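To start, the structure under review is shown below, and the notes come after it.
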Amino acid sequence: MPPASGNYVFRISGDDGCQLWVSPTDNAAGKVLRASLMGWTRYHDWGLYPTQQSVSMPLQAGQRYYFEVLHKENWGDDNVSVAWTLPNGTVEAPIAGAHLAPFQTGNARPAATTTAGKALPAAGAAALTEPELTVYPAPFTSQATVEFALPTSRAVTLVVFDASGWLVQRLLDGAAETGVRQQIILQGTKLAAGICTIQLPTYNTLLTRMLTKID
């Protein structure tokens, strides 16, 4: 949520291609592509491509706005970050976690305490064709459940980044079996309050989920 009313300019950086979509309201259906890049940049390099910077966008203080970041990793290093310039000229790079909140559809999932992997139901269930990653509840205090499943067996790494983009936890370095849903507990006692990002690299994409830790 913007801290002040006025015109804001967004910037995006990443390795590899990435897009920033922002809606003029909290409705995802109104999202517009504001900034993007087709190549790659170094970490927090905001000025390599003209398309990395958006035109100015008027925002109201305290109003929620839907935004979405798409990121495509090819090979080598990977990162994605979003910055904005406030109406008074202050640059937040990246945007402070205090101004962010996870998108919610209104159908909150109950908290879970199991950590063992569970197989997807066989009877009446379609085969998993895309990787899945969910985190709940959102926001959370003491702990959250990270749940994922992959359509093919492979080595898997599950990591957590703080609002500044620093790696703060490595939840899993192991293997995932085809169609087996695994649950990992994220302990909030090891995280500072604010936004954190859960990342699950897969064979052709990087699944990312944002989550707010509150005291």
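The values are calculated or read from the model by the stated rules, or taken from the named source; none is laboratory data. Quick caveat: nothing in here was measured; it's all calculated off a predicted structure. Virtual Cβ from ideal backbone geometry, glycine too; neighbours counted across all protein chains shown.
A count restricted to segment 28-43 and to residues that are surrounded by fewer than 17 Cβ atoms within 10 Å (Cβ to Cβ), in contact (Cβ under 8 Å) with a residue 24 or more places away in the chain and out of contact with any Gly (no Cβ under 8 Å at 6 or more places or on another chain) stands at 3.
Selection of first residues in segment 184-200 that are over 23 Å from ASN79 (Cβ atoms) and of second residues that are part of a strand (DSSP E or B) and of a type in the set (Ser, Thr, Tyr), restricted to Cβ pairs under 7 Å at least 6 apart or on distinct chains, gives the following pairs, ordered by first then second residue: ILE185/THR145. Out of ALA93, ALA127, one residue alone is in the same structural domain as THR197 (by TED's automatic domain parsing) and either at pLDDT 70 or above or closer than 23 Å to THR202 by Cβ (or both). It is ALA127.
Can you tell me which of (1) surrounded by 15 or more Cβ atoms within 10 Å (Cβ to Cβ); (2) under 27 Å from GLY17 (Cβ atoms); (3) β-branched (Val, Ile, Thr) is the one ILE184 doesn't meet? ILE184 satisfies all of (1) surrounded by 15 or more Cβ atoms within 10 Å (Cβ to Cβ); (2) under 27 Å from GLY17 (Cβ atoms); (3) β-branched (Val, Ile, Thr) except (2). Within segment 25-60, the set of residues being among the hydrophobic types (A, V, I, L, M, F, W, C) and not in a strand (DSSP E or B) comprises ALA28, ALA29, MET38, TRP46, LEU48, VAL55. Taken over segment 156-167, the criterion of being surrounded by fewer than 16 Cβ atoms within 10 Å (Cβ to Cβ) and aliphatic (A, V, I, L, M) is satisfied by LEU167 alone. In segment 44-55, the residues that are at pLDDT 90 or above reach residues that are in a loop (DSSP other than H, G, I, E, B) and aliphatic (A, V, I, L, M) with C-beta atoms within less than 9 angstrom, at least six apart or across chains, in these pairs: THR51/MET38. Entry remark, segment 161-178: residues being at pLDDT below 85 and in a loop (DSSP other than H, G, I, E, B) number 5 in total.
Of all residues in segment 5-24, those satisfying the criterion of being surrounded by fewer than 17 Cβ atoms within 10 Å (Cβ to Cβ), modelled with pLDDT of 90 or more and part of a loop (DSSP other than H, G, I, E, B) are SER5, PRO24.
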